[in-house]
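Visitor: Below is a structure I'd like to ask you about.
Any read-out appearing in this document is the output of simple, stated calculations on the displayed coordinates, not a laboratory observation. Predicted model, so just to flag it, every value in this text is computed and none were measured. Every residue, glycine as well, gets a Cβ built from its backbone with ideal geometry; the counts of neighbours run over all protein chains shown.
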């Protein structure tokens, strides 16, 4: 159980300097708040009640000039004048990080303050800060909580050491249950799930192993998005489909949501809205299967949906509402008799874990005469320590009868919303050497003969 609030009151302040003022009235308010919060959380947990607030995982690298995201956060929390607290626990430079986030929120109309709850914040002890009634009171007075990026383990180790929620975390949950906003970027997004990526190995290594180690690569998150959804971040830029799938299988998740950088996913009442620079990838393993005879990771029939900025999706019904730009653009339905694809063939992808490769392949396949697209994931230069240097994976994307989507050029590029493509991941053996030099004929020596060029243009 968390340490009692009254026990924290009798101890020294976590701040090295003047002690915070504490009045009898404040203690009564704080004690009642603690009791109400604890009781409400216990009742909600027992009843399986869904959170009523807004969970907003942001995929990292959130630009401070991303008005779409910052203004939406302020709007969700009550509009201009709404109160926010910033928790830079994950950051290695928490004071500076907190200052920049506070500035961004204030420029968009919010009142914001940074809480000195961070292992790297000089002059403060986290173990005492998370019990401090002044900080807890600031949280309870807020309608928005923002977790900055960095190392997600610093957040969970600070707010729920040994897996037990601290009074400060209980206060955050109270705000969330009351309809408030809990947002976080990068590490702050990672902690949104009940299970989180902690310090995972590189994506291909995870895919080769097919599992992740508890405590090292994965750990317990804070769980704001509930028990049925797994969140990952920096998703498209870093090709993290290769680590999301193994963890979903390992932990029994049906739904996974990969949020791209500079992009926010607003989750509320079983619905997701995409805001910001790009989009999110929704993975559904409800109809997926595995071949248990194979030693390596494999998967068949994972359903993929790519939601672009402005799109909305109901996680319960599966209904997608595209953005206005998409509705004013082009509906793409390969099953329609008047389907006129833009592409004649689907390109082969030699690195399916490359930046945005998976969604680029999805958009191309949707708008294509081909019904399947293939790519590989492997190491061209495996390390000597790699126990499986020749292990690779084939990624095969397929259209199904329910595959469709939308296209628009309104954002300044080719942007697709893609619903219901199907993915098979199959282990393969990579030939070594992967390639050799070309020769003029089969009888010529392997050593090439180079001759000077004779340019004809000045």
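Visitor: Starting from the alpha-carbon convex hull of the range 334-429, give the projected area averaged over all orientations, in nm².
Guide: 7.3
Visitor: A follow-up question, please. Based on the Cβ-Cβ distance of residue 141 and residue 301, what FRET efficiency does E = 1/(1 + (r/R0)^6) give at R0 = 35 Å, to the nearest 0.05?
Guide: 0.10
Visitor: Let me ask something additional. So for the pair residue 293, residue 431, with labels modelled 7 Å out along Cα→Cβ, what separation do we get in nm?
Guide: Result: 2.5 nm between the two label points.
Visitor: Given C-alpha coordinates of the chain, what is the ratio Rg to Rh with the Kirkwood estimate of Rh?
Guide: 1.05
Visitor: Also, I was wondering about something else. Based on alpha-carbon centroids, what's the gap between the range 334-392 and the range 262-326 in Å, whole number please?
Guide: Rounded to whole Å, the Cα centres lie 18 Å apart.
Visitor: If you don't mind, there's one more thing I want to ask. Please give the FRET efficiency for residue 438 paired with residue 324, using the beta carbon to beta carbon distance and R0 = 35 Å, rounded to the nearest 0.05.
Guide: For residue 438 and residue 324, the calculated efficiency is 0.10.
Visitor: I've got another one for you. Does anyone have the angle between helix 94-107 and the longest principal axis of the chain? Alpha-carbon axes, 0 to 90°, nearest 10?
Guide: 90
Visitor: Moving on. If packing is taken as the mean number of other Cβ atoms within 10 Å per residue, what is the order of 60-70, 427-437, highest first?
Guide: Top of the packing list down: 60-70, 427-437.
Visitor: Got a sec? Which residues in the range 227-261 would a label at residue 316 touch, if it sits 7 Å along Cα→Cβ and we count backbone N under 20 Å?
Guide: 227-230, 254-257
Visitor: Using only alpha carbons, build the gyration tensor for the range 104-165 and give me the equivalent ellipsoid semi-axes, biggest first, whole Å.
Guide: Output for the range 104-165: semi-axes of 21, 14, 12 Å.
Visitor: Divide by every residue of the chain the summed helix terms, -39500 (n - 2.57) for each DSSP H run of at least 4, and state the resulting mean residue ellipticity at 222 nm, rounded to the nearest 500 deg cm²/dmol.
Guide: Helices in the chain give a 222 nm mean residue ellipticity of -7500 deg cm²/dmol.
Visitor: Same structure, new question: Length gain on complete extension for the stretch residue 394 to residue 201, per 0.36 nm per residue less the alpha carbon to alpha carbon distance?
Guide: 67.4 nm
Visitor: Further question: Quick one: which of 318-328, 383-393, 277-287 comes out on top by average Cβ neighbours within 10 Å, and what's the full order, highest first?
Guide: Highest to lowest by the protection proxy: 277-287, 318-328, 383-393.
Visitor: Of the listed peptides 266-274, 168-176, 180-188, what is their order by residue-averaged count of other C-beta atoms within 10 Å, with the highest listed first?
Guide: Final packing ranking: 180-188, 168-176, 266-274.
Visitor: Taking Cα atoms, how many degrees apart are the long axis of helix 167-177 and the longest axis of the chain, rounded to 10 and kept between 0 and 90?
Guide: Approximately 70 degrees, to the nearest ten.
Visitor: Rounded to the nearest 0.05, what FRET efficiency is calculated for residue 450 and residue 381 with R0 set to 30 Å and r the Cβ-Cβ distance?
Guide: 0.75
Visitor: Helix 67-76: angle to the longest alpha-carbon principal axis of the chain, degrees 0 to 90, nearest 10?
Guide: On a 0 to 90 degree scale, this one is about 40.
Visitor: In the range 291-370, how does Rg compare with the Kirkwood Rh, expressed as the Rg/Rh ratio over alpha carbon atoms?
Guide: A ratio of 1.02.
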